[in-house]
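Accompanying notes for the structure given below.
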Amino acid sequence: MTDPAASCPTDDRPTASAPRKRLYIQTWGCQMNVYDSGRMADVLAPLGFAPTTTPETADMVILNTCHIREKATEKLFSELGRLRETKAARRAAGEGMVLAVAGCVAQAEGAEITARAPWVDLVLGPQSYHRLPEMVARAARAAGAVIETEFPVEPKFDQLPAVAGPQAVTAFLTVQEGCDKFCSFCVVPYTRGAEYSRPAAAVLAEARLLVAGGAREITLLGQNVNAYHGEGPDGASWGLGRLLHALAEIPGLLRLRYTTSHPRDMADDLIAAHRDLPIVMPFLHLPVQSGSDRVLAAMNRGHTTADFLRLLERLRKARPDLALSSDFIVGHPGETAADHAASLALIREVGFAAAYSFKYSARPGTPAAGAPGQVAEAEKDRRLQELQALIREQQAGFNASRAGLTLPVLITGPGRHPGQIAGRSPWLQPVHLIGPLGLIGTEVPVTILTAHPNSLSGALATGEGQAHVQPRQEIAPA
């Protein structure tokens with residue numbers, strides 16, 4: 001087999017005369033997978049790999065998978081079937097392709113992947129992508145697939161290169177991985193491992209580099225991001241609240257967000273950060289999963305609906321303009337019509353600006369997969385449609401409540417139409433307006449004229465109170 005890795009020099013860096021190799025990454029799932037895909041590209045850049053937009057032109061293809069969504073494995077093998085033909089066509093043309101499967105499906109089902117798709121060259125779990133250069137070199141020498149799905153002793157973040165180059169206006173930054181909660185429906189503890197928090201100094205250093213490259217809004221990521229407990233520069237354990245305070249001091253950084261949180265990990269100092277730090281946006285994603293205490297107990301969530309409501313009361317007292325999104329699972333084993341009604345009642349009581357909702361889908365190896373009381377698929381469909389209709393109604397109402405207001409909007413890029421620019425409200429709503437491209441990377445006051453189901457339209461505010469804005473410029477890292 002002709003393999004692009006075979007032409008790499010022994011020091012794994014491209015020579016001046018060596019052609020650039022092309023890398024295509026397809027990402028499924030959460031923002032953490034998006035972050036991971038970016039870091040895999042960073043790791044492979046010293047080997048000469050540059051991004052391409054189609055797998056047909058790629059010397060290496062990585063499928064970065066997610067095990068949370070329904071039928072994740074089936075979607076993977078369907079894509080691998082198509083890529084088998086692409087890889088064969090490239091081989092016939094005298095060009096090679098390294099095909100890799102990464103992410104949570106790779107972690108959980110590595111052996112099955114290589115058995116069913118022997119044309120796959122690399123299989124690596126989420127904790128192993130810092131080893132990609134070594135794996136590419138091993139694949140060039142190996143007769144079969146190279147698999148890395150162990151949980152390494154050394155944290156992968158210690159082995160990654162620093163982020164570099166221009167950044168988008170908004171950026172993700174992983175600060176925590178893994179989960180110790182073991183919810184009945186969830187594979188994360190098995191695919192991402194135990195909770196691990198990056199040292200605060202490493203997080204701050206990466207954030208400064210992101211801002212120096214042009215990022216103005218950073219979203220901190222973690223499976224349970226508010227369980228963050230990284231070592232601080234002072235040797236003490238820092239919680240997420242203290243980390244937010246340190247990040248807020250970075251010059252040029254305008255906005256901070258974090259996701260995904262667990263109700264059991266909302267510490268007092270984190271709630272206080274919502275009150276004390278204007279840079280922390282008034283939008284919080286806080287998954288509750290169900291409005292039934294009986295189902296929450298079966299899910300092993302460790303909280304009740306009363307706990308959740310008391311927490312929301314404290315958060316709203318700290319930040320009165322706080323808006324909430326959440327996650328809901330319908331049809332968990334044992335869920336009755338009354339349990340489903342309790343979820344609808346909770347949604348009505350809380351009032352959500354948005355939510356993600358899913359039908360329960362069994363994940364092999366999780367406690368709920370073999371639990372009695374599996375709900376019929378048709379009933380799950382009905383319950384999901386009913387819940388989503390209520391959420392859409394609330395989201396539309398929340399968007400409509402912004403009409404007529406003048407909001408600070410972070411301009412993130414051009415819009416879809418000539419002369420249009422697009423941005424984000426403090427509550428993560430897409431906002432479209434007419435304006436110059438020079439405003440990209442700035443926060444400007446926008447009067448909201450029209451609310452749509454999933455976005456807002458507005459116009460630059462004029463007259464007194466117009467904010468002074470400057471074009472985005474690079475900021476040297478401290």
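The values are calculated or read from the model by the stated rules, or taken from the named source; none is laboratory data. These figures come from a predicted structure and were not determined experimentally. In this analysis, Cβ positions are derived from the backbone assuming ideal geometry, glycine residues included, and neighbour counts consider all displayed protein chains.
In the range 161-181, the residues that are under 21 Å from GLU217 (Cα atoms) and among the aromatic types (Phe, Trp, Tyr) form Cβ pairs under 7 Å with partners that are part of a strand (DSSP E or B) and at pLDDT 75 or above, at six or more places apart or across chains, as follows: PHE172/THR219; PHE172/LEU221.
Give me a count of the residues in the range 115-133 that are at pLDDT 85 or above and within 17 Å of ALA72 (Cβ to Cβ). Give the steps one after another, and end with the answer.
Taking the range 115-133 as the starting set, the residues that turn out to be at pLDDT 85 or above are 115-124.
Remaining after also requiring within 17 Å of ALA72 (Cβ to Cβ): 116-117, 120, 123-124.
Matching residues across the range 115-133 total 5.
Being touching a residue at least 24 places away in the same chain (Cβ under 8 Å), more than 16 Å from TYR24 (Cα to Cα) and among the acidic types (Asp, Glu) is a property that holds for GLU109.
Mind checking whether some residue in the range 104-117 is more than 28 Å from THR366 (Cβ to Cβ) and of a type outside the set (Lys, Arg)? Taking every residue of the range 104-117 in turn, none turns out to be more than 28 Å from THR366 (Cβ to Cβ) and of a type outside the set (Lys, Arg). Among the residues in the range 142-158, are any at pLDDT 75 or above, surrounded by fewer than 16 Cβ atoms within 10 Å (Cβ to Cβ) and in a helix (DSSP H, G or I)? No, every residue in the range 142-158 fails to be at pLDDT 75 or above, surrounded by fewer than 16 Cβ atoms within 10 Å (Cβ to Cβ) and in a helix (DSSP H, G or I).
Within the range 47-56, none of the residues are among the polar types (S, T, N, Q) and crowded, with 20+ Cβ neighbours inside 10 Å.
The single condition from (1) in contact with a Gly (Cβ under 7 Å, 6 or more places away or on another chain); (2) among the polar types (S, T, N, Q); (3) part of a helix (DSSP H, G or I) that ASN226 fails is (1). The residues in the range 210-234 that are surrounded by 19 or more Cβ atoms within 10 Å (Cβ to Cβ), more than 17 Å from the chain's Cα centre (by Cα) and in contact (Cβ under 8 Å) with a residue 60 or more places away in the chain can be counted, and the count is 4. Just to be sure before I move on: is LEU240 out of contact with any His (no Cβ under 8 Å at 6 or more places or on another chain) and modelled with pLDDT under 95 in the structure I sent? No: the conditions fail for LEU240.
Of all residues in the range 265-301, exactly one satisfies the criterion of being of a type in the set (Val, Ile, Thr), in a loop (DSSP other than H, G, I, E, B) and within 30 Å of THR442 (Cα to Cα), namely ILE279.
Out of the strands (runs of 3 or more DSSP E) lying entirely within the range 382-478, which hold 1 or more residues that are of a type in the set (A, V, I, L, M), at pLDDT 95 or above and in contact with a helix residue (DSSP H, G or I) (Cβ under 8 Å, 6 or more places away or on another chain)?
On the way: elements: 406-414, 420-424, 430-434, 443-451, 456-460.
Because the criterion is at least 1 residues that are of a type in the set (A, V, I, L, M), at pLDDT 95 or above and in contact with a helix residue (DSSP H, G or I) (Cβ under 8 Å, 6 or more places away or on another chain), the strands (runs of 3 or more DSSP E) in the range 382-478 that meet it are 406-414, 420-424, 443-451, 456-460.
The residue that is nearest to HIS285 (Cα to Cα), among those in the range 416-438 that are surrounded by fewer than 21 Cβ atoms within 10 Å (Cβ to Cβ) and among the small types (Gly, Ala, Ser), is ALA422. Only one entry of GLY413, GLY441 meets the criterion of being under 27 Å from the mean Cα position of the chain (by Cα), surrounded by fewer than 22 Cβ atoms within 10 Å (Cβ to Cβ), touching a residue at least 40 places away in the same chain (Cβ under 8 Å) and not assigned by TED's automatic domain parsing to the domain that holds GLN167, and that entry is GLY413. When ALA396, ALA378, ALA342 are checked against the criterion of being aliphatic (A, V, I, L, M) and closer than 16 Å to LEU296 by Cβ, a single residue qualifies: ALA342. Screening the candidates ALA368, ALA353 for the property of being in contact with a helix residue (DSSP H, G or I) (Cβ under 9 Å, 6 or more places away or on another chain), of a type in the set (A, V, I, L, M) and at pLDDT below 95 yields one hit, ALA368. Looking only at residues of the range 251-264 that are outside any loop (DSSP other than H, G, I, E, B) and surrounded by 19 or more Cβ atoms within 10 Å (Cβ to Cβ), we find that the one that is modelled with the lowest pLDDT is THR259.
In the set (1) without any contact (Cβ under 8 Å) to a residue 24 or more places away in the chain; (2) touching a helix residue (DSSP H, G or I) at 6+ places or on another chain (Cβ under 7 Å), the condition left unmet by ARG316 is number (2).
No other residue among GLY351, GLY291, GLY302 is surrounded by 18 or more Cβ atoms within 10 Å (Cβ to Cβ) and either closer than 25 Å to ARG383 by Cβ or touching a Lys or Arg at 6+ places or on another chain (Cβ under 8 Å) (or both) apart from GLY291. Checked against (1) surrounded by fewer than 19 Cβ atoms within 10 Å (Cβ to Cβ); (2) touching a strand residue (DSSP E or B) at 6+ places or on another chain (Cβ under 8 Å); (3) in contact (Cβ under 8 Å) with a residue 60 or more places away in the chain, ALA267 passes all but a single condition, namely (3).
May I ask you to say which residue of ALA171, ALA202 is surrounded by fewer than 20 Cβ atoms within 10 Å (Cβ to Cβ), at pLDDT 90 or above and not in a loop (DSSP other than H, G, I, E, B)?
Numbers: ALA171 fails: surrounded by fewer than 20 Cβ atoms within 10 Å (Cβ to Cβ).
Unique residue meeting the criteria: ALA202.
A residue that is within 30 Å of THR462 (Cβ to Cβ), without any contact (Cβ under 8 Å) to a residue 40 or more places away in the chain and of a type in the set (A, V, I, L, M, F, W, C) can be found somewhere in the range 417-427. Residues in the range 303-353 that are basic (Lys, Arg) and farther than 28 Å from ALA267 by Cβ: ARG348 only.
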